[in-house]
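For reference, the structure is listed below as structure tokens.
What follows is calculated from the coordinates using simple rules that are stated; it is not laboratory data. All figures in this text were calculated on a predicted structure; none of them were measured in a lab. All Cβ positions, even for glycine, are placed from backbone atoms using ideal geometry, and neighbour counts span all protein chains on display.
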Amino acid sequence: MTEDAYICRCEEITGDEIMAAIRQGARSIDAVKRRTSACMGLCQGRSCERLIVRLISQETGLPIPDIALMTRRPPVRPIPISALGGERT
Amino acid sequence: MEKEAEVVIIGAGIAGLTTAYYLAQLGKKDVVVLEKREIGCMASGTNAALVSAVSPAYGTGPESDSMIKMGLFANDEYERFHNQWGYDLEFERCGSLVLTETEELFEKRKSYVDLRHKQGVTSIRLIHRDELFELEPNLAPDLYGAEFRPFAGHIMVMYFMCALGDKLRESGIRIYEYTPAIAIKTEGGRVKSVVTPQGEIKAKYVVNAAGIAAPSIGEMVGIKIPIDPNREQMLVTEEMPRIISHPLLSASYFTDLDRTGGVNETKAFACNPQKKGNILLVGVNDFVGEDRRISLRAFYAVPELASRYIPMLKTQNVHIIRGYANFYVHTPDSMPIMGKVDGLEGFIIVGGLCDIGMTLGAGVGKCIAELIYYGESSIPIQYFSLSRFN
């Protein structure tokens, strides 16, 4: 991996930025998210969450199962507002 | 973990961390912060991120003078942190708008604006529709006017909480995450120590800044604290070119606000445009205990409410990418609880910041730090004493 490669493509967060967050003390996906906004874009972490877990594990030596995954937030995929309650009343 | 500290703060949210920050600024660094989970993982890191400085939620009594002082101080501090800390906190003094749907609501706000002028907040003003649509051309055309608050702003709260934690650690304050307080020992009418799974810390002062967990910390010393979690539900749109540029609140957010029952659940609309181009849509507050999931109803009600004010959300068929809930730390009169507690020396409460936690934030921390350091705060906080509920 090159350090300037995007890990979170939706929010355009690079490997460098993720590593900086881990060095500042982030030990969970939510903690990385709070510092970088990784996992908060269109795909909501579906592509980058596992990469970030591996980076945390590599940098800290924590076993992968011990690293807390992120809080799941609905909707799982982006939903157009007209499918929800966008009608004028 | 150390065996002793002058001040032990329970809770690493906005109240606890800013208290620690201003204690450090005053030179008091023998401070330990205990956090049950992670810094800013509850209300402080997941709220709507509005820092209004002067909020209609301050009410009109003498306590509103103190809240104005805290709020204005807080915004100046957020701006300073943003410019000086070397972190992009996305703070922006963008101004905010309280939208008045009808002439009647517009007229009702006049006495409120007059009062704020008398209190020294002279830049707040009512604007008619021409000026409103100049500021925000994409709002619903039937809106009558707005109250414009040019000093208001917003900040990326999760970045801010992390940065605040980093700054505290750099200054020598110790913050222990995943370290809950499980008991508080007292002796002869004063606090003696805080017990954690990692050990016991003797303390001269114990600050209960535990947010929605403040009542359970109070119970440890037999003090009843009337705080309830008020669930606020939020949806986030996809990134897009800016269609609005100010945080918006509906006037009905405040006029329908039943200050004893929390925020009106169906009419209270707020939104906050983010730097990246997402818009945070806020609505549907309710009391459901400690259930922090978003309800299915919010997925329908919030877009409906939002597109009443911003029709383009509907006409452009904007996508919702994320929904989540946050807790306001609600008190029976919607005012903060701050200060010492009668009958237990050394025990200090700071919490119940309701829907104005970030807005008051740094001001609250400064007051509590001064209370500990000088014995009193430079801004009067007697209105916020726990004893008012007795």
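Observations
- Interchain or long-range residues, amide H under 5 Å from A:ILE13's placed H: A:ILE7, A:CYS8
- Per-residue ellipticity at 222 nm, computed for chain B from helices alone with -39500 (n - 2.57) per DSSP H run of at least four residues, works out to -9500 deg cm²/dmol.
- In chain B, taking the dipole from charged Cβ atoms about the Cα centre, the farthest positive-side position among B:GLY95, B:LEU72, B:PHE269 is held by B:LEU72.
- A simple spin-label model places the labels of B:LYS275 and B:GLU6 3.5 nm from each other, with each point 7 Å out along Cα-to-Cβ.
- Electrostatic bookkeeping for A:GLU11 treats Lys and Arg as +1 and Asp and Glu as -1; over the other residues with beta carbon under 10 Å from its beta carbon, the sum is 0.
- Quarter the surface of the alpha carbon convex hull of chain B and you get the mean projected area, 18.0 square nanometres.
- Fraction of antiparallel bridges per DSSP, chain B only, in percent to nearest 5: 70
- Phi-based couplings in Hz for region B:22-34 (Karplus 6.51, -1.76, 1.60; Gly and Pro marked x): 6, 4, 5, 4, 7, x, 8, 10, 7, 10, 10, 10, 9
- Each Lys and Arg adds +1 at its Cβ and each Asp and Glu adds -1 at its Cβ; summed about the Cα centre, region A:6-83 shows a dipole of about 240 debye.
- Since only B:VAL207, A:THR60, A:LEU84 are under comparison, the one whose Cα sits farthest along the positive direction of the charge dipole of the protein assembly as shown, derived from C-beta charges on Lys, Arg, Asp and Glu, is A:THR60.
- Dipole magnitude of the protein assembly as shown about its Cα centre (Cβ charges: Lys, Arg +1; Asp, Glu -1), debye to nearest 20: 660
- For region B:1-141, the ratio of Cα radius of gyration to the globular rule of thumb 2.2 N^0.38 Å stands at 1.34.
- Charge dipole magnitude, Cβ of K and R +1, D and E -1 - chain B, Cα centre, debye nearest 20: 580
- Dipole of region A:6-83 [Lys/Arg +1, Asp/Glu -1 at C-beta], most positive-end residue of A:GLN24, A:GLY41, A:PRO74: A:PRO74
- The phi-based Karplus calculation (6.51 cos²θ - 1.76 cosθ + 1.60; θ = phi - 60°) puts the 3J(HN,Hα) values of region B:127-136 at 10, 7, 4, 4, 5, 4, 6, 5, 6, 9 Hz, whole numbers, x for Gly and Pro.
- Long-range amide H partners of B:ARG125 with built H, under 5 Å: B:PHE148
- Among B:ARG190, B:ARG93, B:ARG116, the largest mean-square fluctuation in a Gaussian network model of chain B (Cα springs under 10 Å) belongs to B:ARG190.
- Where the alpha-carbon atoms of chain A are placed on the principal axes, they occupy 54, 27, 19 Å, in descending order.
- Each label was represented as a point 7 Å from its Cα along the Cα-to-Cβ direction; for B:LEU115 and B:LEU296 these points are 4.2 nm apart.
- For the residue pairs B:LYS167/B:LYS340; B:LYS28/B:LYS366; B:LYS167/B:LYS192; B:LYS69/B:LYS275, alpha carbon separations beyond 23 Å are given by B:LYS167/B:LYS340; B:LYS167/B:LYS192; B:LYS69/B:LYS275.
- DSSP-defined beta bridges in the protein assembly as shown - what % are antiparallel, rounded to 5: 70
- Distance from the alpha carbon centroid of region B:55-110 to that of region B:13-31 works out to 23 angstrom.
- Rg over Rh for the protein assembly as shown works out to 0.96, using Cα positions for both radii and the Kirkwood form for Rh.
- By the rule of a C-alpha distance below 16 Å, with chain neighbours fewer than 8 residues away ignored, the aspartates and glutamates paired with B:LYS110 are B:GLU101, B:GLU147.
- Among B:PRO56, B:PRO141, B:PRO247: highest mean-square fluctuation, GNM of chain B, C-alpha pairs under 10 Å: B:PRO141
- Cys residues of chain A counted as unpaired, since no other Cys beta-carbon is under 4.7 Å: A:CYS10, A:CYS39, A:CYS43
- Remark: the B:GLU345-B:SER171 segment gains 59.9 nm on full extension, using 0.36 nm per residue and subtracting the alpha carbon distance.
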